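Chemist: The structure's right below; bear with me while I get my questions together.
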């Protein structure tokens, strides 16, 4: 019978103190196994300090290339940020510029490298890499990411391959949006395979971003597929706009509660899934039976 491997990740680690508190709590007392660190975020240093005290928490890099703070000074990447060093959220427009303009791609690569280097300075083991708002679905961003990652041990990369049943379960509009992303997700997976970069087989969280409550988690766990599955959440001890203006509707506290839920823990145990981070789950999955 095919084995199941489960990675449960908290994104935006380092963005806010209350996120860091929830991550530490859920790693100690709940089912959280991994976290993705925003190295240039306001509470990044606190996140690193907490991670060093949590040896079972697998920490990866959450690259920020939209809607967040850059690592480099604005004078070094003027085409990417405003005068305060913040990246915008016009992802379609920026994606077109990344594809067409060599000068912008050079700045993008410099920023990606700077974020990898900042993670390396933490001394934490790099478990995985992904991109805020799944911007690495963009082939240009993914190719630059993979090129830079070769200098940092070629960590596993999150593949955005969410099953369509889950997206449609959250509504027709989200289901159609998931279907529209399918070709890009397939291209991403092919690119990762050609590059020899390990990745998850399935992902849950896109269609329920900010709403991965206990009920949603239990639905996923009841239909957990074989292979390596990642569930990602946005836990925090406070919710919504208190975390970021772009997260007004996010139910961070409910997601934190789901990670501490006894029924969720029981459902994981019933699934027979082996839990861990990307490095160990991907290695175990690839090993001969």
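The values are calculated or read from the model by the stated rules, or taken from the named source; none is laboratory data. Only a predicted model underlies this, so the values are computations on that prediction, with no experimental measurement involved. Neighbour counts run over all protein chains shown; Cβ positions are idealised from the backbone, glycine included.
Chemist: Among the residues of region 6-15, is there at least one that is over 24 Å from residue 66 (Cα atoms) and modelled with pLDDT of 95 or more?
Modeler: Yes; the residues of region 6-15 include at least one that is over 24 Å from residue 66 (Cα atoms) and modelled with pLDDT of 95 or more.
Chemist: Kindly indicate which of 166, 135, 152 is crowded, with 19+ Cβ neighbours inside 10 Å, closer than 26 Å to residue 15 by Cα and in contact with a strand residue (DSSP E or B) (Cβ under 9 Å, 6 or more places away or on another chain).
Modeler: Sole residue among the options that is crowded, with 19+ Cβ neighbours inside 10 Å, closer than 26 Å to residue 15 by Cα and in contact with a strand residue (DSSP E or B) (Cβ under 9 Å, 6 or more places away or on another chain): 135.
Chemist: For region 51-69, which residues satisfy the criterion of being at pLDDT 95 or above, assigned to a loop (DSSP other than H, G, I, E, B) and either out of contact with any strand residue (DSSP E or B) (no Cβ under 9 Å at 6 or more places or on another chain) or surrounded by fewer than 23 Cβ atoms within 10 Å (Cβ to Cβ) (or both)?
Modeler: Hits for region 51-69 are 53, 54.
Chemist: Within region 239-265, restricting attention to residues that are in a loop (DSSP other than H, G, I, E, B) and in contact with a strand residue (DSSP E or B) (Cβ under 9 Å, 6 or more places away or on another chain), which residue is surrounded by the fewest Cβ atoms within 10 Å (Cβ to Cβ)?
Modeler: Across region 239-265, the extreme among qualifying residues is 244.
Chemist: While we're on this one: Just to be sure, is residue 94 part of a helix (DSSP H, G or I), surrounded by 14 or more Cβ atoms within 10 Å (Cβ to Cβ) and at pLDDT below 95?
Modeler: So residue 94 passes the test.
Chemist: Based on what the data block shows, is residue 219 modelled with pLDDT of 95 or more and either more than 19 Å from the chain's Cα centre (by Cα) or crowded, with 22+ Cβ neighbours inside 10 Å (or both)?
Modeler: It is true that residue 219 is modelled with pLDDT of 95 or more and either more than 19 Å from the chain's Cα centre (by Cα) or crowded, with 22+ Cβ neighbours inside 10 Å (or both).
Chemist: Answer with yes or no whether residue 113 is surrounded by 15 or more Cβ atoms within 10 Å (Cβ to Cβ), at negative phi and either out of contact with any helix residue (DSSP H, G or I) (no Cβ under 8 Å at 6 or more places or on another chain) or assigned to a helix (DSSP H, G or I) (or both).
Modeler: yes
Chemist: Can you name every residue in region 54-67 that is more than 17 Å from residue 113 (Cβ to Cβ) and either in contact with a helix residue (DSSP H, G or I) (Cβ under 8 Å, 6 or more places away or on another chain) or in contact (Cβ under 8 Å) with a residue 12 or more places away in the chain (or both)?
Modeler: 54, 56, 57, 58, 59, 66, 67
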